[in-house]
Amino acid sequence: MNLPIIAPSILAADFANLEREVKMLNESEADWIHVDIMDGVFVPNISFGIPVTEAIHRHAKKPLDVHLMIVQPERYVEAFRKAGAEVISVHVEACPHLHRNLQQIKLLGAKAGVAINPHTSITELENVITDIDVVCMMSVNPGFGGQKFIENTYRKVAALKEMIARAGAKTLIEIDGGVNQQNAKPLLEAGASILVAGNFVFSANDPKEVISNLKQSEIA
Ligand code: DX5
Ligand code: ZN
């Protein structure tokens, strides 16, 4: 049995009680903590930045998976690495020199991720697929938590899985947006192995139980 990596998104946490929320994740079966950085330019919302990421890292016992929804991410990649990021994802739509961005992230000793919007074709990734550790496939339009899952994601995941296999790459597929107990299993069956979940986890009465249930979604 192959268990997925579960990465709860701290964007949906209670920001006035971040320490408590991070400690809850430490005690849970979560594998990573997903950290959403929004600049109000690449996406129509602003979340938080480097000092808050550092504060999360101070209490976290799990790797930080930092999702940069920002323009010119190369200006901030090093700062987020120093703030504790283990995985850093930049958006393909924000990177005219994506290969260079991936090299920069790897040189800093982090795992290199590429996030891709719902409308963007996976062919954009074909020539760099062997250089990508994680593809963060957006299953909602980035900018806000709590949105409805876009069903076309299943087809996209399956096609990306095929592309990865064809290239003999070890790239992992992460799904970000609207993930819940219903779509978790079909997403894993289509080829995903990392599930991000914000609202579904943090709006639950017992977030640790929800995380545990997601973790038990088997990969066939
Ligand atoms: C969306 C963010 C997601 C979001 C997921 O822009 O990248 O990581 O926090 O939240 P839910 O699971 O509520 O869609
Ligand atoms: Zn995200």
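The values are calculated or read from the model by the stated rules, or taken from the named source; none is laboratory data. The shown structure was predicted, so the numbers you read here are calculated from the model rather than taken from an experiment. Note that each Cβ is placed from the backbone with ideal geometry, even for glycine, and that neighbours are counted across all protein chains shown.
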Would you please name the residue that is surrounded by the most Cβ atoms within 10 Å (Cβ to Cβ), looking only at residues in segment 8-32 that are in a loop (DSSP other than H, G, I, E, B) and of a type in the set (A, V, I, L, M)? Ala30
Go through segment 135-160 and give me each residue that's touching a residue at least 40 places away in the same chain (Cβ under 8 Å) and among the hydroxyl-bearing types (Ser, Thr, Tyr). Ser139
Tell me, yes or no, whether segment 121-128 has at least one residue that is in a loop (DSSP other than H, G, I, E, B), touching a residue at least 24 places away in the same chain (Cβ under 8 Å) and farther than 21 Å from Glu189 by Cα. no
Across segment 133-152, what is the total count of residues that are assigned to a loop (DSSP other than H, G, I, E, B), surrounded by 19 or more Cβ atoms within 10 Å (Cβ to Cβ) and either of a type in the set (Gly, Ala, Ser) or within 11 Å of ligand 2 (Cβ to nearest atom) (or both)? 4
Cβ-Cβ under 9 Å pairs, at least 6 apart or on other chains, segment 182-205 side free of Cβ contacts under 8 Å to residues at least 24 places away in the same chain and crowded, with 24+ Cβ neighbours inside 10 Å, far side assigned to a loop (DSSP other than H, G, I, E, B) and of a type in the set (A, V, I, L, M): Phe200/Val179
Specify the residue that is farthest from Ala7 (Cα to Cα); the eligible residues are those in segment 194-212 that are outside any helix (DSSP H, G or I) and more than 16 Å from ligand 2 (Cβ to nearest atom). Asn205
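One line per residue, one yes/no per condition, for (1) more than 16 Å from ligand 2 (Cβ to nearest atom); (2) more than 16 Å from Ile33 (Cβ to Cβ); (3) not in a helix (DSSP H, G or I):
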| site | (1), (2), (3) |
| --- | --- |
| Ala159 | yes, yes, no |
| Ile164 | yes, yes, no |
| Ala169 | yes, yes, yes |
| Ile173 | no, yes, yes |
| Val179 | no, no, yes |
| Gln182 | yes, yes, no |
| Leu188 | yes, yes, no |
| Leu214 | no, no, no |
| Ser217 | yes, yes, yes |
Need pairs with beta-carbon distance below 8 Å; first residue under 24 Å from Ile6 (Cβ atoms) and of a type outside the set (A, V, I, L, M) and within segment 35-49, second modelled with pLDDT of 95 or more and more than 10 Å from ligand 1 (Cβ to nearest atom); sequence gap 6+ or separate chains. Phe48/Phe15
What are the pairs with Cβ atoms under 8 angstrom where one residue, in segment 85-100, is small (Gly, Ala, Ser) and the other, located anywhere, is at pLDDT 95 or above and surrounded by fewer than 18 Cβ atoms within 10 Å (Cβ to Cβ)? Sequence gap at least six, or different chains. Ala94/Val71; Ala94/Gln72
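So is Ala79 over 18 Å from Gly143 (Cα atoms), of a type outside the set (D, E, K, R) and in contact (Cβ under 8 Å) with a residue 24 or more places away in the chain or not?
So Ala79 passes the test.
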For Lys156, indicate whether it is closer than 21 Å to Phe200 by Cβ, surrounded by 19 or more Cβ atoms within 10 Å (Cβ to Cβ) and either more than 13 Å from ligand 1 (Cβ to nearest atom) or over 16 Å from the mean Cα position of the chain (by Cα) (or both). yes
State whether the residues of segment 9-16 include one that is more than 16 Å from ligand 2 (Cβ to nearest atom), over 28 Å from Arg100 (Cα atoms), β-branched (Val, Ile, Thr) and in contact with a strand residue (DSSP E or B) (Cβ under 9 Å, 6 or more places away or on another chain). no
